[in-house]
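**Q** Take a look at the following structure, please.
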Amino acid sequence: MKDKKDEININTENKPVKSQKNIFKRIATAPLSVIKSNLKNIASKANPLDKNINKNDVSDSGIESMRFAYTNSKKAIKTVDRTIKTTQRTIRNIKTSRNVINKTGKMIYKTGKFTGKAVIFTVKVAKTIVINVTAALMNPVVIIIAIFVVILIMVLAMVVLLMGGGASANISEQYAYSSAAGLVNVPEQYQNALDFFNTAVANRQEEFNSIIDNMYYDYNNLTESSLVYMERTLPEPIVIYDKSFSIDERKATLKSAWDMDLTVTAKEAIAIAYVYLEKEKNTENHTEGGIYEVSYTQEVFDLILTKCVTFSNTVYSGQYCPDENCTRHVELVDNPYYYEVLNKVNEAATNYNNSSDEYWWNYWGQEYEYWSSVLDNTSPTIEEITYICEYQHDLHSIGLAFFTKEDIMNALEFTDNDKQWEELTEKGFENNYNIST
């Protein structure tokens, strides 16, 4: 018996492991049929112990005890046979439940194949043990040990099978998530998404530019021309554009503050859009983490761009311009020179009337005539010109902000799992040689 055990160990250790082709088929069929056939052969062997127990024989030569043990071992063999049948049904159930299909939507995720190299090796060990045990069946102790070994190995084989299947399914699941499987034709959908993204960016930028272009400015009517103040608040540090008239040069400067490099890349936006579409499908179908067939649309990228770039325009009326000198103000005031000339006229007239000398009459008379002539050509009032601000401006206060990928996903209510899905999708795009990111 010792030699037999040694022989069993040697055969088990040197048994070669075949290739992994058709792994699942071999795991599901070959080991079970081998074990069943060998067990049947074992049971059919001529065995002196395979007789009814003589309950009337009171003498104990040891043979009745051995027959009792052997009879119980046959029951154990039947138990093994039932276990094998149960295992077959379990494997059939595994095979029929490989595809994950949602009843309320088109879920396209499928579980991958089992890899099971370790399972094959374990089953072949079991097969070797069963074959070698056949030779030792004449010994009841050996058969009992062999049966328990077979049961133990079968249980271990199923554990390894399930663990291997779980690991393979996990790999298949990660591939389904990282490959954007819901797009079906990924290269075509990616190109469509790129076009949608560029259109959404152009449309969003045009919305921003139109706010600035529509500000009123007229050089000949500075009093009512619009003022503008702008802050680009994100990303930090804040960039401030001080208050000024909305002249063409200023408008161009403000529009140049648009910079999509401060927010997401096209690849990131496309990955976010994909996960967002899948989230929408899961919400509709009351599922979580399911992969449905989806297609990109212009609407989803228009939505994402509202989260990428935000801007505001608040208008305040009755504001003053920076230098408060936009308006030419004219006011009529008394002319000091006019009153000086008037005094000269009055002085000449008074002196002429009070003079008793003919000589002074001629002098003051001439003075009077001269200053009277000057007075006739002098305006009693003059225009006083000043430059002021009459507080008739509209001030446009503009806010502009560019958000990060994390900010955008938070705005779209992504969970941590959704964010991981987005990362996997990005990697899948990068590794797809049929698209250019």
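**Q** Which entries of 251/427; 281/405; 255/281; 243/405 have Cα-Cα distances beyond 29 Å here?
**A** 251/427; 255/281; 243/405
**Q** Of all the accessible heavy-atom surface of segment 305-422, with the other protein chains kept in place and a 1.4 Å probe, what percent is carbon and sulfur?
**A** Of all accessible area on segment 305-422, carbon and sulfur atoms account for 45 percent.
**Q** Accessible area per residue for segment 230-310 in Å², computed with a 1.4 Å probe and the full protein assembly in place, what is it?
**A** 47 Å²
**Q** Using only the Cα atoms of segment 305-408, each taken as one equal point scatterer with no solvent, compute I(q) by the Debye sum, divide by I(0), and report log10 of the ratio at q = 0.11, 0.12, 0.16, 0.18 Å⁻¹.
**A** For the requested q values the scattering log ratios are -0.64, -0.68, -0.84, -0.91.
**Q** Something else about it: Using the heavy atoms of the protein chains and a 1.4 angstrom probe, tell me the accessible area per residue for segment 369-437 in square angstrom.
**A** 59 Å²
**Q** Calculate the FRET efficiency for residue 202 and residue 330 from the Cβ-Cβ distance with a Förster distance of 45 Å, rounded to the nearest 0.05.
**A** 0.40
**Q** Which value, in nm² and rounded to one decimal, describes the direction-averaged projected area of the C-alpha convex hull of segment 355-411?
**A** 8.9 nm²
**Q** Further question on the same structure: Provide the FRET efficiency to the nearest 0.05 for the residue 303-residue 248 pair, computing r from the beta carbons and using R0 = 45 Å.
**A** Working from the Cβ atoms, E equals 0.85.
**Q** What's the extension gain from residue 376 to residue 284 if we count 0.36 nm per residue and subtract their Cα-Cα distance?
**A** Computed gain between residue 376 and residue 284 is 23.7 nm.
**Q** Further question on the same structure: Label points 7 Å out from Cα along the Cβ direction at residue 354 and residue 191: separation in nm?
**A** For the pair residue 354/residue 191, the computed spacing is 10.9 nm.
**Q** Please compute, for the alpha-carbon atoms of segment 178-329, the extent along each of the three principal axes and give them in descending order in Å.
**A** 72, 28, 26
**Q** What are the extents of the Cα atoms of segment 214-279 along their three principal axes, listed from largest to smallest and rounded to whole Å?
**A** 56, 25, 18
**Q** Rg to Rh ratio, segment 179-222, alpha-carbon atoms and Kirkwood radius?
**A** Ratio of gyration radius to Kirkwood radius for segment 179-222: 1.44.
**Q** Based on alpha-carbon centroids, what's the gap between segment 329-376 and segment 187-243 in Å, whole number please?
**A** Rounded to whole Å, the Cα centres lie 68 Å apart.
The values are calculated or read from the model by the stated rules, or taken from the named source; none is laboratory data. Not measured: the values here are computed from a predicted model. No Cβ is skipped: glycine too gets one built from the backbone with ideal geometry, and neighbour counts run over all protein chains shown. Only protein heavy atoms, including side chains, enter the accessible area calculation; ligands, DNA and RNA are left aside. Shrake-Rupley method; radii C 1.70, N 1.55, O 1.52, S 1.80 Å.
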